[in-house]
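Step one of this worksheet: look at the structure below.
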Amino acid sequence: MKLYHYPLSGHSHRAHLFLSLVGVPHELVDVDLKAGEHKTPDFLKLNTLGQVPVLDDGGVIVPDSLAIIVYVARKLGLEGWLPTEPAAAAAVQRWFSVAAGQLRMGPAAARLITVFGAKYDVEQTLAAAHAILKLIDQELIGHDWIVLDRPTAADVALYSYIASAPEGNVDLTPYAQIGAWLRRVEALPGFVPFQKTAIGLAA
């Protein structure tokens, strides 16, 4: 498998992390976003939205980090990571939706402001970040993982933009449960870190 990615993209790291945690051999192909490589005709053939990551599995092209997780988990029968039992599957999907919604508009957007100069409203974005982090912190009380009694794709979906939140001036110190959860994810066999940027509270 080839994973087209950008090292500072949390979406890219999410896909890379999952591939690494489940032990799938893969080749990382850097896409130069600063040079606009993601908008070139060749790349747009892989993803018409012009976004990373994109997985190429022997000609089967899968754009989008969450879609990549689903594809790999289903192809390899990774029931432990992506359950098919209805209640557990729905619980994982709930956090996929949070990752694509509240997490993107909160911690991820806050980081886009500092790292990439995005023109979002800082106060509104930080408020959104802390709102979803407070909820996640509460969900983790009494639980090692966000859904079941083991790590799942839901944890992978949430990790990258929570771990990098301080780069967007989002302070994680009030969230003790999240801090412990981050350490558990980072202790998993096959874990790969998200490339850090010395900016914001991470400077």
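The values are calculated or read from the model by the stated rules, or taken from the named source; none is laboratory data. Please read these numbers as outputs of a predicted model, since none were measured by experiment. Using ideal geometry, Cβ is built from the backbone for each residue, glycine included, and neighbour counts are taken over all protein chains shown. In case anyone asks, the SASA skips ligands and DNA or RNA and just uses the protein heavy atoms, side chains included. Shrake-Rupley method; radii C 1.70, N 1.55, O 1.52, S 1.80 Å.
Counting Lys +1, Arg +1, Asp -1, Glu -1, what net charge surrounds L112 among other residues with beta carbon under 13 Å of its beta carbon?
+1
Using the Kirkwood formula over every pair of different C-alpha atoms, what hydrodynamic radius in Å results for the chain? Mind showing how you got there, number by number?
Values: mean 1/r = 0.0579 Å⁻¹.
After inverting the mean inverse Cα-Cα distance, the result is 17.3 Å.
Determine how large the accessible area of S97 is when every protein chain is in place; take a 1.4 Å probe and give Å² rounded to the nearest 10.
70
Measuring from the lowest to the highest alpha carbon on each principal axis, how far does region 76-128 reach, largest first, in angstroms?
On the principal axes, region 76-128 reaches 41, 21, 11 Å in Cα extent.
For V54, what charge total do you get from the other residues with a beta carbon under 11 Å from its beta carbon, if Lys and Arg give +1 and Asp and Glu give -1? Please list the in-between numbers first.
Details: positive: K2, K45; negative: D56, D57, D64.
Net of charged neighbours comes to -1.
Could you compute how much accessible surface T114 exposes when probed at 1.4 Å, giving the result in Å² to the nearest 10?
Counting only protein heavy atoms, T114 exposes about 40 Å² to solvent.
Using a cut-off of 14 Å between beta-carbons, work out the net charge of the residues near P174 (Lys and Arg +1, Asp and Glu -1, P174 not included).
On the way: positive: K134; negative: D137, D171.
Residues near P174 contribute -1 overall.
Over the Cα atoms of region 140-182, what radius of gyration and what Dmax do you get, in Å?
10.7, 31
Which entries of K2/K45; K2/K34; K39/K75 have Cα-Cα distances beyond 24 Å here?
K39/K75, as the Cα separations exceed 24 Å there.
Can you list the HN-Hα couplings for region 35-52, worked out from phi with the Karplus curve (6.51, -1.76, 1.60; θ = phi - 60°), rounded to whole Hz and with x for Gly and Pro?
Computed from phi, the couplings for region 35-52 are 8, x, 4, 6, 10, 7, x, 4, 6, 5, 5, 7, 8, 5, 7, x, 10, 9 Hz.
Just to check I understand the Karplus step: with θ = phi - 60° and J = 6.51 cos²θ - 1.76 cosθ + 1.60, what whole-Hz values come out for region 67-84, glycine and proline as x?
Per-residue couplings from phi come out as 5, 5, 4, 4, 4, 5, 4, 6, 4, 9, x, 8, 4, x, 8, 9, x, 9 Hz.
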